[in-house]
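The structure appears right after this line, and notes come after that.
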């Protein structure tokens, strides 16, 4: 009986220690995801007609995989930027065109993902389409990848023009043959946009908005997009025909990291 009593006393002491530890150290709770400030909205809450082909939640981008922080295919922008796009879209619809957005607000964690990818010199899965003539060691020096992006401030958008009625864009098939982004429009990935001379996110100097080698219809299309958005208050990045920032920015010095998801702007 004495031995059994000793065992019970030991078990009771162990239980008391475990109970004390449980009381002293409550279970850790998962940290809540940050939400967007009230000044951010989903573009669809402002304009239902702008076409959205969000590339970074998919595998059809220069990395070849979904990008960190993109939970859903939703365009999020600051309200003034979204309203300015709506004004531009209203004018374009009367002329038989629509805007199509590829990327809008971009969380900092996505930019960090770009940086990690760029430093992995062995990962060249999508080189054949997006950077055929650029050595991956040059991505930072040539300005194609940076540790900060204006997209993370919420007033920058990547977009193009589509002639109406819009033809459907077929899905990208992982592993399909890659065609250089500067190939003739009939040969490169079949985007339903007007011919801009290169595809979206083409890491090449041909993507410079006013590159003198881009002439004819391609140049006219770029200038049409530029004049339309300039009149709406946007400023083009000269190195990328698709990249525009609404000015003045609401958050010129803040780089946000809330995820691209409807819940981030729920109730706005």
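The values are calculated or read from the model by the stated rules, or taken from the named source; none is laboratory data. Predicted, not measured: the structure shown is a model, and the values here were computed from it. Cβ placement follows ideal geometry from the backbone for every residue including glycine, while neighbour counts extend to all protein chains displayed.
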Quiz item: Would a scan of region 166-174 turn up a residue that is at pLDDT 95 or above and buried (at least 19 other Cβ atoms within 10 Å of the Cβ)?
Solution: no
Quiz item: Going by the conditions given, is residue 235 under 30 Å from residue 180 (Cβ atoms), free of Cβ contacts under 8 Å to residues at least 40 places away in the same chain and part of a strand (DSSP E or B)?
Solution: yes
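Each row is one residue, and each column tells you yes or no for (1) touching a residue at least 24 places away in the same chain (Cβ under 8 Å); (2) within 30 Å of residue 33 (Cβ to Cβ); (3) buried (at least 16 other Cβ atoms within 10 Å of the Cβ); (4) in contact with a strand residue (DSSP E or B) (Cβ under 9 Å, 6 or more places away or on another chain).
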residue	(1), (2), (3), (4)
180	yes, no, yes, no
208	yes, no, yes, no
221	yes, no, yes, yes
252	yes, yes, no, no
Exercise. Tell me the strands (runs of 3 or more DSSP E) entirely within region 40-120 that contain at least 2 residues that are farther than 24 Å from residue 166 by Cα, touching a helix residue (DSSP H, G or I) at 6+ places or on another chain (Cβ under 9 Å) and in contact (Cβ under 8 Å) with a residue 24 or more places away in the chain.
Key: 40-42
Quiz item: Quick one: residue 222 ticks every box in (1) in a loop (DSSP other than H, G, I, E, B); (2) modelled with pLDDT of 95 or more bar one, so which box is it?
Solution: (1)
